Amino acid sequence: PYQANRLLVLVKVMFEFAATKKIWTAANPCVDPATGRSLRKHEEHYRTRYCKDDEWVRIQAALKKESVLWQDFFEFVIATGMRARAVCRARWADIDLAGGIWNVPRGNMKGNKKSNEVVLDAITLRMLRRRLASVQNESPFLFAAPQSKGAKPLDVYKNAWKRVLKAAGLYTEDREERLRPHDLR
């Protein structure tokens, strides 16, 4: 339903654009001719899933079994409340260690919304300083893909997250009930 709704809006806008350029002269097929309103969209149910205290304890224990890369990555996701995709793309150039700020570029925000400044707590800053000191390949990314030798950002976190959930006994096939890293915010 979500993708169908987004597609319907996109197609409607495309026909509106074509009409303004005189490429399309007929009625917009995405608009109900009787009411002049957009066609009825599918009902959407927004997630309200958050991590419970007992689940959090189990996740912390499971994370300790992961490599330092994944421990640091998920710690950063949790501490900042940012989406995992934005954290994957985080660059050292966007981090102000002295000021304790992560300047998230607009392109890393969901929907390319405006840029964002995230305040980093003392624990997260200590972890970042440790990571920076241990970076052997001088990668521009906070979390570089190991197979790329620092040339590319980490981009495959879902398998690691699935391992964490399974180790914590929280994995479920039901995608609506399954915890996502962003649910830990």
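The values are calculated or read from the model by the stated rules, or taken from the named source; none is laboratory data. Worth saying up front: this structure is predicted, and the values here are computed from it rather than measured. Please note: Cβ atoms are built from the backbone with ideal geometry, for glycine as well, and neighbour counts cover all protein chains shown. Only protein heavy atoms, including side chains, enter the accessible area calculation; ligands, DNA and RNA are left aside. Shrake-Rupley method; radii C 1.70, N 1.55, O 1.52, S 1.80 Å.
In plain terms, the chain from M109 to L97 could stretch by 2.3 nm, reckoned as 0.36 nm per residue minus the Cα-Cα distance. Ligands, DNA and RNA are left out, and with a 1.4 angstrom probe the accessible area of the chain is 66 Å² per residue.
Apolar share of the accessible surface for the chain: 54 percent from carbon plus sulfur atoms, 1.4 Å probe.
Computed over the chain, the per-residue total of -39500 (n - 2.57) for DSSP H runs of n ≥ 4 gives a 222 nm mean residue ellipticity of -12000 deg cm²/dmol, rounded to 500. With the simple model of a label 7 Å out from the Cα in the direction of the Cβ, V9 to V68 spans 4.3 nm.
Which entry is the computed percent of Cα pairs over 27 Å apart for this structure: (i) 42; (ii) 36; (iii) 45? Correct label, based on the coordinates given: (iii). A simple spin-label model places the labels of E138 and K158 3.5 nm from each other, with each point 7 Å out along Cα-to-Cβ.
Length available on full extension from D32 to S148: 0.36 nm per residue minus the Cα-Cα distance, which gives 36.7 nm. The N116 and K22 beta-carbon pair, evaluated with R₀ = 45 Å, returns a calculated FRET efficiency of approximately 0.65. Compared with the dominant Cα axis of the chain, that is its longest principal axis, helix 53-63 is turned about 60°.
Measuring between their Cα centroids, region 58-136 and region 8-41 lie 42 Å from each other.
Sparse packing (at most 12 other Cβ atoms within 10 Å of the Cβ) combined with a DSSP loop state is found for the following GluC sites (Glu not before Pro) in region 19-63: E43, E44.
For a Förster distance of 35 Å, can you work out the FRET efficiency between the beta-carbons of E43 and E75, rounded to the nearest 0.05? The computed FRET efficiency comes out at 0.45.
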